Amino acid sequence: MKIYEKAPAKINLSLDVLYKRDDGYHEVEMVMTMVDLADRIEMQELPRDTIIISSQAGYIPLDEKNLAFQAAKLIKDRYEVKQGVYIHLDKKIPVAAGLAGGSSDAAATLRGLNKLWRLNISNEELKKLGEELGSDVPFCVTGGTAVARGRGEKLEAIDSPPQCWVILAKPAINVSTSEIYGKLVARDIQNHPNTALLLQAIREKNFELLCENLGNVLEEVTIKLYPEVRQLKDVMQRLGADGVLMSGSGPTVFGLVSKESKVARIFNGLRGFCKDVYAVRLLT
Ligand code: ATP
């Protein structure tokens, strides 16, 4: 038997850090949603009790460092599954980009193996397992749109934002999430996003208000290290995107665009500037 799962990329409509906790983690408040750019994951039973990962992407680990491997191992150990599995990752989401590609693969693996091995694990339990794999994994288990608090694991599902185009552009650099959080000084943050207004915009499906209230406190930190992120934001704004923000710890910058007539111009303009550009829709 074979199972296929889609693992979509997430973007942060907001990312706020409230304070640094005594346990070393940052207390965050973020609004996350998914876009129609996805890895495709194929899972197939193996007669031998082993986990094998393959991928067409030459640039990700295929051993126990792969998050899909870790997800499979976790579910096997916890539910004492003695069967093996072959997992193929067809990567479409750029890696180390701030789009939670690895986390989404891990979540899709949890969902897929739950079906393949008929384990009947509830979504709540899958999210708990996901927490052990990474802060973004619980959100990726159910997707949709959510406010995440705590270190990202406390989720409140909310309405979808108004439908629009999302243009994603990733400069040719890889950013380490832990490095960016490591350089952030929570008490020095001057510009916190207005999450309440952003949530109001989503509730009211008010696209303009949504664009005005995008915000990410990690932008400043990443831009200091990689000024090309600032340039990319400026280019996207000049080309006419309605709202522009860096996702996660970067370096991917996304632009929200309501009018389809503007999409091709912005997309082509960005292609002259960087190689990794995508025009997709929100997954609402
Ligand atoms: P986040 O937004 O959650 O911080 P990201 O988009 O910045 O995630 P990923 O694409 O998840 O980052 O990759 C981060 C690291 O994880 C990379 O160094 C990569 O080698 C490793 N990794 C492990 N498993 C995977 C996977 N299945 N897909 C992509 N990267 C993976």
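The values are calculated or read from the model by the stated rules, or taken from the named source; none is laboratory data. Remember, predicted model here, so these are calculated numbers, not experimental data. Every residue, glycine as well, gets a Cβ built from its backbone with ideal geometry; the counts of neighbours run over all protein chains shown. Side chains included, ligands, DNA and RNA excluded: accessible areas come from the protein's heavy atoms. Shrake-Rupley method; radii C 1.70, N 1.55, O 1.52, S 1.80 Å.
The label-point distance for Lys73 and Arg187, in a model that sets each label 7 Å from Cα toward Cβ, rounds to 3.9 nm.
Shape of segment 2-157 from its Cα gyration tensor (a ≥ b ≥ c, root eigenvalues): rounded if a/c is under 1.5, otherwise prolate when a/b > b/c, or oblate? It is prolate, given that a/c is not under 1.5 and a/b is the larger ratio.
Where a Cα-Cα gap under 13 Å defines reach, which aspartates and glutamates qualify for Lys233, not counting those fewer than 8 residues away within the same chain? Output for Lys233: Glu219, Glu220, Asp242. Given Lys76/Lys183; Lys2/Lys82; Lys2/Lys91; Lys91/Lys115, which pairs have Cα atoms separated by over 26 Å? Among Lys76/Lys183; Lys2/Lys82; Lys2/Lys91; Lys91/Lys115, the Cα-Cα distance tops 26 Å for Lys76/Lys183. The alpha-carbon atoms of the chain, seen along their principal axes, cover 56, 43, 36 angstrom, with the largest extent given first. Restriction of the trypsin sites (Lys or Arg not before Pro) in segment 81-142 to DSSP coil positions whose beta-carbon has at most 13 other beta-carbons within 10 angstrom yields Lys82, Arg118. Would you mind telling me the share, in percent, of accessible area of segment 1-63 contributed by carbon and sulfur at probe 1.4 angstrom? C and S atoms contribute 49 percent here. Annotation for Tyr25 and Leu197: the two label points, set 7 Å from Cα along the Cα-Cβ direction, are 3.0 nm apart. Cα centroids of segment 31-90 and segment 106-168: 16 Å apart.
Surface composition of segment 165-281: carbon plus sulfur atoms contribute 47% of the solvent-accessible area (1.4 Å probe, protein chains only, all chains present). When the alpha carbon gyration tensor of segment 85-219 is reduced to an equivalent ellipsoid, the three semi-axes, largest first, read 28, 20, 16 Å.
Compared with the dominant Cα axis of the chain, that is its longest principal axis, helix 67-78 is turned about 40°. Taken per residue, the accessible surface of the chain reaches 45 Å², heavy atoms only and a 1.4 Å probe. With 0.36 nm allotted per residue and the present C-alpha distance subtracted, the Glu212-Asp276 stretch has 20.5 nm of extension available.
Checking every one of the trypsin sites (Lys or Arg not before Pro) in segment 228-284 against DSSP loop status and a limit of 12 other Cβ atoms within 10 Å picks out Lys259, Lys275. Taking all Cα pairs closer than 8 Å and separated by 6 or more residues, the relative contact order of the chain comes to 22 percent.
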